[in-house]
Amino acid sequence: MNLKQIEKRARRVASKATALGFQKNGVAMVIDQAREIVAAEEGFRNWHTMRAAVAATKPSAHPAASAEQAPATRPTYDQLYRTLYAIASQTDICTSEGTADRFVDELLASARETLGMTLDAAGDLVAAQPDSALMQGRFSRAQCQQAEEQGWGLFDAEGELQIQRLDESGLFADDAAAWQFVIAQAAQNPHCAAAAALNQIHRDSPLEWQRLVEFDHKHSQQLRPRSSAGHVVDRAEVAEWVGLHYGDNFDTNAQRQQEWIDRFCEAHNRHGFLVAESWEHCFVGDRASTVRWVFQLHSDVDGVVFAQIQRTGGRWMTLDRAAMRDLEESIFDNDIPDTFRTKWHPEVKGQPDLPAWATHARSSDNA
């Protein structure tokens, strides 16, 4: 771990603490306090000690190998948790047992993600082996590195993903300049880090996406509009279609633009899918179970096209047609196809294609 990674982690800690409402003497956490927490999390007495130790450590050419060769005297995950809990419980930031426990969970989750680690069934730290389906469309490590080199990044701020400049790079005067760069890069290359970031913002952070749309409309107008399911459309084509069918001006009626884009895609048979990766459902005569499902939109017959239930040990099993109908009935009863953007985000998300886990599982079932 280098100082840049540590600084990024400290920023995330401060941001998460602010989002959760943690304060000391009525003041939100500042970056110096977050650095002290990260230092304690890594087993150092304070931030200055950690900074000196990291600066004096020569980076390894094989980080994974170095992690495997760590000395056996390093604290266990349980010991680290108890240490952080004790620290949190003694500060003004965390004044109750529940708050301290929650805060420590947030810190450790952030650390695991930064280090590419996860917890196994026994509660021990192990290297994460993410399902390729879960990583599809996500921001990869290579894309993160590309973004850092360009002077911007994706940050979890105030409970949502945001595109921000990297202050230490000094390449952009402000976040607006970083936005303009990212939008321009994505317009030129749909496979670059900037395009991947915009895809993830559209899927996971609707408020940030709306800010980007409004910003782009006032400036370069290079951000191509998308349907709620993620289909990229041509603004001129949609505007022409709206004028022809509705006699209205697409560009001047901002409040209805998303509705018109979705109707345009539906009229042109551009199917989309609603996807829930982790959904609690009570089947008839059974207790609540965790399922994941895919619901096809705007087809001849809207409905669940694929679903799985999670069994013991985390194994996923494909549901039979009767169970899928039970699930589908619940989806319609809750009006999810029409209200997923407002009532069910982020549990349910629209996307243009089948998720990789569904494609892979269907192929296996048909083999």
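Computed from the coordinates by the stated procedures, all read-outs in this text should not be read as laboratory data. The structure presented is a predicted model; accordingly, all values stated were derived computationally and were not measured. Counting neighbours? That spans all protein chains shown, and the Cβs are built from the backbone with ideal geometry, glycine included.
Brief remarks on what is shown
- For a straight C-alpha distance cut-off of 19 angstrom, the lysines reachable from Lys16 (same-chain residues fewer than eight places away being disregarded) are Lys4, Lys8, Lys24.
- Computed over the alpha-carbon atoms, the range 135-267 gives an Rg to Rh ratio of 1.00, Rh here being the Kirkwood radius from the mean inverse distance.
- Ser289 long-range amide H proximity, modeled H, under 5 Å: His281, Cys282, Phe283
- FRET efficiency, Thr290 to Thr342 (Cβ-Cβ, R0 30 Å, nearest 0.05): 0.80
- Across the range 335-347, rounded Karplus estimates of 3J(HN,Hα) from the backbone phi angles (6.51 cos²θ - 1.76 cosθ + 1.60, θ = phi - 60°) give 6, 5, x, 9, 10, 4, 5, 9, 9, 10, 6, x, 4 Hz, Gly and Pro being marked x.
- Residues whose amide H falls under 5 Å from that of Trp316, counting only those 5 or more places apart or on a different chain, are Arg311, with hydrogens built in the peptide plane.
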